[in-house]
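The values are calculated or read from the model by the stated rules, or taken from the named source; none is laboratory data. No experiment lies behind these values; they were computed from the predicted model shown. Cβ atoms come from the backbone with ideal geometry, glycine included; neighbour counts cover every protein chain shown. Ligands, DNA and RNA are stripped out before the accessible areas are found, and what is left, the full protein with its side chains, is counted by its heavy atoms. Shrake-Rupley method; radii C 1.70, N 1.55, O 1.52, S 1.80 Å.
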Amino acid sequence: MFPILLGWVLGSALQLGQADLYPSSIYASICAIASVFIVYSAIKIIAKKTGKAPAKNLDATRSVAVSAVLFFACAALAFGLTGWRATAYAVHTLSPALEGSDVQVVGIVAAMPQASESGLRFRLEVESATLLTDQVAGESAAPVKLPPLIDLSWYGGAFNGAWGGQVVELQRPPARLLPGERWQMTVRLKAPHGNSNPGGFDYELYLWEQGVQATGYVRAGPRDTPPSRLADTWQHPVERMRLKVRDAIFATLATPTSASHNRDAGEVKNHTRDAGVVAALVTGDQHAIDRADWEVFRITGVAHLMSISGLHITMFAWGAAWLVGWLWRRSARLCLVFPAPTAALIGGVLLATMYAIFSGWGVPSQRTIWMLATISLLRLTGKRWPWPTVWLLACAVVVAFDPWALLQAGFWLSFVAVGVLFATDVSNQAPHVMPAHARQGLTASAAGRWHQFKTVLWQSTREQGVITGALSPLTLLLFGQVSVVGLIANVVAIPWVTLVVTPLSMLGTLYAPIWGLAAWATHALSGYLAYLAKLPFATVSVATPILFVSAAGLIGGVLLVMPWPWRLRVLGLPLLLPVILWQAPRPEVGQFELLAADIGQGNAVIVRTASHALVYDAGPRFSTESDAGHRVLVPLLRSLGERADTVMLSHRDMDHAGGIKSVLSTQPAAHFISSIENTHELQLFRPATRCTAGQHWQWDGVDFDVLHPHAQDYESPQKSNAMSCVLRISSHQSSALLVGDIEQAQEARLVADQVAHGVVLQSDVLLAPHHGSKTSSSTAFLDAVKPSTAIFQVGYRNRFRHPAPVVLARYQERNIQIIDSAHCGAASWSSVAPRKIACQRQVARRYWHHHVP
């Protein structure tokens, strides 16, 4: 079994590395050929088992050969089936011809909507679609084919820019959009397109796994046909129940009756925030948790507890199994019909499956259910396999259902943790569904409960210590950060959340006032975690090491926690040191690198020299809970092991300043330079030094010169774009020019300064002014800069339609290489090779990624 399972997992992993899919016929052929070899091997094995094979087939050499054939055949079969599934799924991809068009759809709300300050986001199952040619006249073309599942945003209230830059009043979404309702609405769609950054979150893979192949928004302007509710259907009853429970939690915990009369407003607000954790534990809605709380959970290493994870499902399965077994033993007749342990095992898995479905049937929940079902089936059939085979079987089953889980951090953390616990189990017993401390709790007698309690406490602490030590290198590889306080945080948080908070939260569905107790329990834990998160040594961040260094570190971590003599364990220390001491490659003295992050519509650039780093702009704000600094720049800096020496904000526009607070919060020692006015709110957050023409500094032989604005520009009111900080960075052989959102008037002034004062504008790479707006990139300016490459940081199908065609024509006339983030993703440039640009979308291309037209 071991070569079969290993081949299956590795074959699936190999297919996920493809940049483009083969035709489905090729995958079908691979499956057919692999099946022939598998059947042949099976015949050989059966013949050997029955004694009908010739004697020469019984030797060890031929057994190894058969195992090798099975390994490669199963790997080929997994490769072919995964590719075949992918080609079948890709058939439903949104046609590029429909992007940006008005399409009238009829569909059913398929999931619990998510509310934000700007409106609603929900998932729609498409039943029919019609392309509209003239919405005002009501004319339409023939029906069109859309993907079966799409994600939509329904914005409401005043909105600026979607219709010719005018402020319009959009029709607000209904107060309650219920799963199962059938709606007719006009939408504009585009293919799923996420940010592509080194080590960043793969949004397109996430949607691929969810089955979503188009995103868009509801047309709800004054000239659009209003969306209409057609009917209520019986479909998606679980999602509707989840919505009802989530709303009930917030309604219960947000009312003054759920709090003490002597609590002040701040405490009531905290109690409301606790409702997000309760809602997440009951319904699986992770969006309900406040971003500040997520940050505390991340720092303390308990984020896995605050969403429906493998631990919750497993603990629920154990509790359900115990309850079913206890009830089953109350009936002698039932015990005679069916053994109580068997009933408990089956009941526990079934009830855990129901819990997973109710909590949203997320990918982590699915993985856990497949794993529990597989191990339970082994136990029911009386199989006693070695733990490596059982561990690999559970892994192979999960991969069979969801091959793309191999690319998820949660998959590796879960299975490596389980494998480490198996390997370090000194009892070396057969695998089990419930945790070790749970098994010991079942065997506790009345006379020895105190002893059993101490044993359970020690076993829990040991298991958490083992997992923390073994997974630290893997955590550094995946996230570039590990929680130092994670062990002491989890020792308290795991039993508190699993034995107190989660049960109380679930019981609240039967009697709502219990949710108040769950919130108080959550609040108490949050205070403890907040204290740990404020400790100066709470986390350790290092540059993300390369793969083989992390693999060696993982082996070293496992060696340290194995139940072996210390003279063997200590061999793991040398393997850990490269992970701890790893540093990302840096430019040589006299050179610099520029990384234009993919943050959508906005500017955000990281500049690195041999020992310094500068951040120029911080990208847009996406919502009150999300911005480019938090989602992109901070993880990028962490993965590079960088501490920014200077943060320069070109001007106050939100597509440049939206993520600045997130960046400054994680870079407390950075010098803040900007053109923002003295009365700007950011001055209270971090006082800024004015950027003024003539400022100059040098890092590691690289010159930094501010060219605009001039000191007198601050004395009179100016447009924010006109005050953009312009920074030129130059080495002895190459240069880059970062210009923010300057427009043609400021470009002309820079050209005049070049003539009158000898200001050097010529640069090898230019960050295109104002994202390629038609108000910038004048002919005279481009002729003065003479760039070989221009980088346009723009969002895919952005509402401003940047870059403008007339601007692109000017660059093309001068044979300037055009790089835009929609096609390129994050763009990396080095002064050592000024004519080369590395595009993240090309470097890390996979078949599920959007191929931009």
Total residues in the stretch 210-231, condition surrounded by fewer than 18 Cβ atoms within 10 Å (Cβ to Cβ) and within 27 Å of G825 (Cα to Cα): 2
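From the list T368, T353, which residue is within 29 Å of L10 (Cα to Cα), at pLDDT 90 or above and either open to solvent by 10 Å² or more (accessible area, probe 1.4 Å) or part of a helix (DSSP H, G or I) (or both)?
Details: T368 fails: at pLDDT 90 or above.
After ruling out the rest, the residue left standing is T353.
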Which listed residue is among the hydrophobic types (A, V, I, L, M, F, W, C) and open to solvent by 60 Å² or more (accessible area, probe 1.4 Å), from A373, A400, A332, A409: A332
Search result, residues across the stretch 772-801 that are in contact with a Gly (Cβ under 7 Å, 6 or more places away or on another chain) and open to solvent by less than 30 Å² (accessible area, probe 1.4 Å): F792, Q793, V794, G795
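Taking strands (runs of 3 or more DSSP E) that fall entirely within the stretch 589-644, which contain at least 2 residues that are crowded, with 21+ Cβ neighbours inside 10 Å and more than 16 Å from the chain's Cα centre (by Cα)? First the steps, then the outcome.
Details: elements: 593-596, 605-608, 613-616, 621-623.
Hits in the stretch 589-644: 593-596, 605-608, 613-616.
Say we look at the stretch 562-579 and pick out the residues that are touching a residue at least 60 places away in the same chain (Cβ under 8 Å) and not β-branched (V, I, T); which of these is surrounded by the fewest Cβ atoms within 10 Å (Cβ to Cβ)? Outline the logic, then answer.
Here is the first cut: in the stretch 562-579, the residues touching a residue at least 60 places away in the same chain (Cβ under 8 Å) are 562-563, 576, 579.
Then keep just the ones that are not β-branched (V, I, T); that gives 562-563, 576.
Values: M562: 16, P563: 12, L576: 20.
Residue satisfying both the conditions and the ranking: P563.
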Some residue of the stretch 199-206 being crowded, with 16+ Cβ neighbours inside 10 Å, within 28 Å of R242 (Cβ to Cβ), touching a strand residue (DSSP E or B) at 6+ places or on another chain (Cβ under 7 Å) and at pLDDT 85 or above: no
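Just one of Q817, Q812 is within 30 Å of G590 (Cβ to Cβ), at pLDDT 95 or above and among the polar types (S, T, N, Q); which is it? Lay out the reasoning, then the answer.
Details: Q812 fails: within 30 Å of G590 (Cβ to Cβ).
Just one listed residue meets the conditions, Q817.
To keep it simple, each residue is scored yes or no on (1) buried (at least 22 other Cβ atoms within 10 Å of the Cβ); (2) more than 30 Å from T539 (Cα to Cα).
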{"site": "G658", "(1), (2)": "yes, no"}
{"site": "K661", "(1), (2)": "no, no"}
{"site": "L664", "(1), (2)": "no, no"}
{"site": "S675", "(1), (2)": "yes, yes"}
{"site": "H696", "(1), (2)": "no, yes"}
{"site": "H708", "(1), (2)": "yes, yes"}
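Quick one: which helices (runs of 4 or more DSSP H) lie wholly within the stretch 501-561 and hold at least 1 residues that are within 14 Å of I299 (Cβ to Cβ) and either open to solvent by less than 60 Å² (accessible area, probe 1.4 Å) or in contact (Cβ under 8 Å) with a residue 60 or more places away in the chain (or both)? Spell out how you get there, then give the answer.
On the way: elements: 502-507, 514-533, 547-561.
Where helices (runs of 4 or more DSSP H) fall fully within the stretch 501-561 and carry at least 1 residues being within 14 Å of I299 (Cβ to Cβ) and either open to solvent by less than 60 Å² (accessible area, probe 1.4 Å) or in contact (Cβ under 8 Å) with a residue 60 or more places away in the chain (or both), they are 514-533.
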G107, sole failed condition from (1) open to solvent by 60 Å² or more (accessible area, probe 1.4 Å); (2) under 30 Å from R801 (Cβ atoms); (3) modelled with pLDDT of 95 or more; (4) not hydroxyl-bearing (S, T, Y): (1)
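Could you tell me whether T389 is touching a helix residue (DSSP H, G or I) at 6+ places or on another chain (Cβ under 7 Å), surrounded by fewer than 19 Cβ atoms within 10 Å (Cβ to Cβ) and among the polar types (S, T, N, Q)?
Details: touching a helix residue (DSSP H, G or I) at 6+ places or on another chain (Cβ under 7 Å): yes; surrounded by fewer than 19 Cβ atoms within 10 Å (Cβ to Cβ): yes; among the polar types (S, T, N, Q): yes.
Yes; evaluated as a whole, the condition is true for this residue.
Give me a count of the residues in the stretch 697-739 that are assigned to a loop (DSSP other than H, G, I, E, B), of a type in the set (D, E, K, R) and at pLDDT 95 or above.
The first filter runs over the stretch 697-739 and keeps only residues assigned to a loop (DSSP other than H, G, I, E, B), leaving 700-701, 709-710, 716-720, 724-725, 731-734, 739.
Right, trim to of a type in the set (D, E, K, R) and you get 700, 719.
With the extra rule that they be at pLDDT 95 or above, the set shrinks to 700.
Looking only at that region, the number is 1.
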Of all residues in the stretch 802-852 being without any contact (Cβ under 8 Å) to a residue 60 or more places away in the chain and farther than 22 Å from L594 by Cβ, the one that is most open to solvent (accessible area, probe 1.4 Å): E813
